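Below you'll find the structure, written out as structure tokens, and then a few comments.
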Amino acid sequence: MLPEGMININGESVQVLQILFLTTLITLLPSLMVMMTSFAKYVITLSFLRLAMGTQQTPPNTVLVGLALFLTLLTMQPVFSQIQTQALEPYQAEQIGEEEFIDRAAVPLKRFMLDNTEPESLELYCGLAGIDTPTGEPSVELPLHIVVPAFMTTELKEAFLIGFLLYIPFILIDVVVATTLMSMGMIMLPPAMISTPFKLLLFISVNGWDLLFSSLVQSVGLGLP
């Protein structure tokens, strides 16, 4: 007879609450990984680029999400390798339990996020939570509910700043085309119809995709010790 709140799985007794916790964690894992990586910055930057070029739904959302996902895997590979060697492999070898596995896996993620978080954002959320702001290098002992929003605030700020910089050259093309059409008396002709090919030509001539991707990847600190 199993104790109350326990069930039998493959001959082992497991608490029902433990199963519910693991199920909830697996459900939230994709969202948590998006919030703890640079995926949001990548996909927002690519969306701003599409809007600035005025290409409507080209590239489609599926392509933008796929590009952001693989750029995220590229930049997060060192962090994932640390999680595998420091947490996953000992857990699979039954050298540590679930709680220690979670604690060990959180350290590389925290180090990565803190390495890419502005001190002002970290101070803001430490103040909101009533926690003393760490002096010197931010400590991985800070809780995730402080590190994650501070990291996301910094990522959103950088994404919008990159979007602003991407808009500038394309806006200049729009202004030149609109002024030229107005001076020629072609008021009824939509400027976007003329400016879009020139935007594409500018982006291709400067090898825009390579420049954008390399800049995004190089802007991310890997959080290595």
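Please find, among Phe160, Phe170, the residue that is out of contact with any Cys (no Cβ under 7 Å at 6 or more places or on another chain), closer than 25 Å to Phe39 by Cα and open to solvent by less than 50 Å² (accessible area, probe 1.4 Å).
Phe170
Failed condition for Leu124, given (1) crowded, with 18+ Cβ neighbours inside 10 Å; (2) without any contact (Cβ under 8 Å) to a residue 40 or more places away in the chain, with all others met?
Condition (1) is where Leu124 drops out.
Check off (1) open to solvent by 70 Å² or more (accessible area, probe 1.4 Å); (2) under 19 Å from Ile83 (Cβ atoms); (3) of a type outside the set (Lys, Arg); (4) modelled with pLDDT under 80 for Phe101 and give me the number that stays unchecked.
Failing condition for Phe101: (1).
Cβ contacts < 9 Å: first residue within 17 Å of Tyr167 (Cα to Cα) and touching a residue at least 24 places away in the same chain (Cβ under 8 Å), restricted to segment 180-204; second residue open to solvent by less than 60 Å² (accessible area, probe 1.4 Å) and not in a helix (DSSP H, G or I), any location; separation 6+ or different chain. Result?
Ala192/Gly54; Ser195/Gly54; Thr196/Gly54; Thr196/Thr55; Lys199/Gly54; Lys199/Thr55; Leu200/Thr55
Thr179 - would you say it is modelled with pLDDT under 90, more than 28 Å from the chain's Cα centre (by Cα) and open to solvent by 70 Å² or more (accessible area, probe 1.4 Å)?
Considered against the rule, which asks whether it is modelled with pLDDT under 90, more than 28 Å from the chain's Cα centre (by Cα) and open to solvent by 70 Å² or more (accessible area, probe 1.4 Å), Thr179 comes out as yes.
Checking Trp209 against (1) open to solvent by less than 80 Å² (accessible area, probe 1.4 Å); (2) of a type in the set (A, V, I, L, M, F, W, C); (3) modelled with pLDDT of 85 or more: exactly one of these is not met. Which one?
For Trp209, the exception is condition (1).
Any idea which of Leu64, Leu49 is in contact with a Gly (Cβ under 9 Å, 6 or more places away or on another chain) and either at pLDDT 85 or above or small (Gly, Ala, Ser) (or both)?
Among Leu64, Leu49, only Leu49 is in contact with a Gly (Cβ under 9 Å, 6 or more places away or on another chain) and either at pLDDT 85 or above or small (Gly, Ala, Ser) (or both).
Could you check how many residues of segment 26-42 are more than 17 Å from Leu161 (Cβ to Cβ), surrounded by 12 or more Cβ atoms within 10 Å (Cβ to Cβ) and not polar (S, T, N, Q)?
Count: 6.
The values are calculated or read from the model by the stated rules, or taken from the named source; none is laboratory data. Computed from a predicted structure; not experimentally measured. Backbone-built Cβ (ideal geometry, glycine too); neighbour counts: all protein chains shown. Ligands, DNA and RNA are excluded from the accessible area calculation, which covers all protein heavy atoms including side chains. Shrake-Rupley method; radii C 1.70, N 1.55, O 1.52, S 1.80 Å.
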